[in-house]
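Everything below concerns the one structure shown next.
Just so it is clear, none of the values below were taken in a lab; they were calculated from the coordinates. No experiment lies behind these values; they were computed from the predicted model shown. Neighbour counts run over all protein chains shown; Cβ positions are idealised from the backbone, glycine included.
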Amino acid sequence: MTSAEGSDDQHAYDYVVVGAGVAGSIVAARLSDDPRTTVLLLEAGQELDDTPQTRDPERSAELLGTDADWAHTTEPQSGLGGRAVGWHAGRAVGGSSAVNASLWLRGGAADYDAWAAYGPGWDWAAALDAFRRHEGGGRGPLPVRASGEHPLKRAVFAAAEELGLVGGDHLSARPEGVDTLRLTARDGRRVTFADAFLGPARRRRNLRILTGAQATRVELADGRARGVTYRRDGGPPATAAARREVLLAAGAVRTPHLLLLSGIGPEDHLASLGIPVVAALPGVGRNLQDHICVGGSFRAAADFRPAGGAGTGGASAGAVVLARSGPGAEDPDIEIVLAPAAGGRRAGVTLGVIALQPRSRGTVRLAGADPLVPPLVDPGYLGDPSGEDLAVLRAGSRLAQRLLRTRALAPYAADPADLGFRDGATDDEVDTFVRRTASGMFHPAGTARFGPPGDPGAVLDADLRVRGIAGLRVVDASAIPLLNRGHSMAPTAVVAERAAGLVLTNDTHTTTDTGAHEAKEPQP
Ligand SMILES: Cc1cc2nc3c(=O)[nH]c(=O)nc-3n(C[C@H](O)[C@H](O)[C@H](O)COP(=O)(O)OP(=O)(O)OC[C@H]3O[C@@H](n4cnc5c(N)ncnc54)[C@H](O)[C@@H]3O)c2cc1C
């Protein structure tokens, strides 16, 4: 067995994984299954204590803005009337799954089959393989549970039926219509990906988890990743050597950040900051995608029991409708979540309208060469030239208002205008409401995506290896070429699960495809 021991400032492992979030937890656990393989997992954040705030998914908002949140702010968004909006990401063991809403919406077969245009082996079958391993039909490491019962939830089902939005089973290949919300929770308590995957692996002698360790650079020499330099709790830089591979799982903002800091990215951008270019890959930090939403909480007319803890309200008692914005939509492109508002003394309803297939694209760029300076995040919300994202949110907002006008939901909606626009509002009025109130879902993806040889936007080959650099892969949400019509833990888990399999089966010592960057991007 190769040893995982070593002094803190000079140590070597078979694999160095950066980031203990959704992807990093899966990958580190899988790679350390073999006791002869040594794995170092570097995590910038800390272990979170077991508290009501960390365990009750309804109280997750209380974690935002704390040390467990990278708490970025976007660049001013012209699509949102010039507003700069908060951009949250978990900074803790468990990553964003330690601070998020724990909602589990996989997306459907069409989402994952669309990835096949970007790389062989990426399709619904691969996704199902990961879901089966993780969910295990209710017996896997990741508990996926239906939200609890609540009168409002029953009313949402009835309202959807009134509007013909039936269909159901969002765990099927074609999710559509109304279904229960599902959460990655057990008995109403959040289960993070670290709980689910690292939990059983933590006792392994061949897996070392360093918290408070922020990676600042991938060490590269002779076209190969040799290790990772990091700063622990603000201390001096230390380097961990990787004998086989470095695997980046720092999330779709911090993974491209780390690549750029290491000289891997668009030549002009790196040169403008005086960073020597090691691999000119124009796709690094581009193609940033996020789901965008409108909505909020409003006072209910009916005096039902306010939410008061796990399983009794909030998302843990909610329902979700997947619908199409119009006859041209081949698959549902609108999600509407309705749930009792968590907390508060009066009964309330939380409603969210989400555009599921964003066309807008943004960027992650360096603000400077100092690794401790946060990157510039510009998601380009509602910036798609076609105006499709705005049109989908407009259609979704109108549909939400119709839902609130149904017989079933009328008792809960004090005034559907509470949504932010009056009945019979013009398109311009609804658009103004959308631009004034929309925000991101914090589902970033695509900033170091995979793609076929010759695809100029591809940062990775289909086996997730960084083009032109040996021994370096991206295994998190950054690799996703197209967001799913769902929420983003699921596709990230698919990427990570497949990544672990690829690492274990590939000959990791072969030179990677350096790619000639002339051909066109694949069309989804
Ligand atoms: C507030 C919020 C709510 C959300 N709600 C949902 C939801 O309900 N359902 C859903 O499916 N998705 C949700 N998401 C999105 C989901 O959590 C992410 O898509 C998913 O966690 C992405 O996984 P990842 O492994 O790519 O990144 P993460 O899970 O974010 O993990 C990245 C990890 O890397 C660490 N890291 C970053 N940089 C460094 C560095 N330089 N050195 C060392 N460590 C580093 C981070 O601290 C973090 O622990 C939400 C996200 C947020 C922020």
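Pairs of alpha-carbon atoms within less than 8 angstrom and 6+ residues apart define the contacts here; what relative contact order does region 29-88 have, in percent?
Reported relative contact order: 20 percent.
Using per-residue counts of other Cβ atoms within 10 Å, averaged over each peptide, order 420-432, 322-334 from highest down.
Descending mean neighbour count gives 322-334, 420-432.
Take every Cα pair under 8 Å in region 11-118 that's 6+ residues apart, average their separations, divide by the length, and report that relative contact order as a whole percent.
25 percent
Round to the nearest 10 and give me the degree value, 0 to 90, for the angle of helix 124-135's Cα axis relative to the longest principal axis of the chain.
Relative to the chain, helix 124-135 is tipped by roughly 90 degrees.
With angles folded into 0 to 90 degrees, how steeply does helix 151-162 sit against the dominant principal axis of the chain? Use alpha carbons for both and round to 10.
Helix 151-162 sits at roughly 80 degrees to that axis.
What list of ³J(HN,Hα) couplings, whole Hz, do you get for region 388-401 from phi and the Karplus terms 6.51, -1.76, 1.60, once you set θ to phi - 60° and write x for glycine and proline?
5, 4, 5, 4, 5, 5, 5, 4, x, 5, 5, 5, 4, 5
Going by Cα centres, region 94-108 and region 218-281 are how many Å apart?
27 Å
Normalised by the number of residues in the chain, what is the relative contact order in percent for Cα pairs under 8 Å and 6+ residues apart?
21 percent
For region 326-388, state what percent of all Cα-Cα pairs lands in each successive 10 Å bin, counting from 0 Å until the bin that includes the largest distance.
With 10 Å bins starting at 0, P(r) equals 17, 26, 25, 25, 7.
Evaluate Rg over Rh across region 50-162, taking Cα atoms for both radii and Kirkwood's formula for Rh.
1.04
With label points built 7 Å along Cα→Cβ from the Cα atoms of residue 161 and residue 36, find their separation and express it in nm.
Between residue 161 and residue 36, the label points sit 6.0 nm apart.
Divide the volume of the convex hull of the Cα atoms of region 131-259 by its number of residues and quote the answer in cubic angstrom per residue.
Value for region 131-259: 194 Å³ per residue.
Treating each Cα of the chain as an identical point scatterer and ignoring solvent, apply the Debye formula and state log10 I(q)/I(0) at q = 0.05, 0.09, 0.12 Å⁻¹.
Each listed q corresponds, in turn, to -0.18, -0.60, -1.07.
Any idea how far apart residue 62 and residue 407 come out in nm if each label point goes 7 Å out from Cα toward Cβ?
About 4.1 nm separates the two model spin labels.
Which residue, chosen from 253, 406, 294, occupies the Cα position most advanced towards the positive end of the dipole of the chain, where the dipole is computed from +1 (Lys, Arg) and -1 (Asp, Glu) charges on Cβ about the Cα centre?
About the Cα centre, the residue reaching furthest to the positive side is 406.
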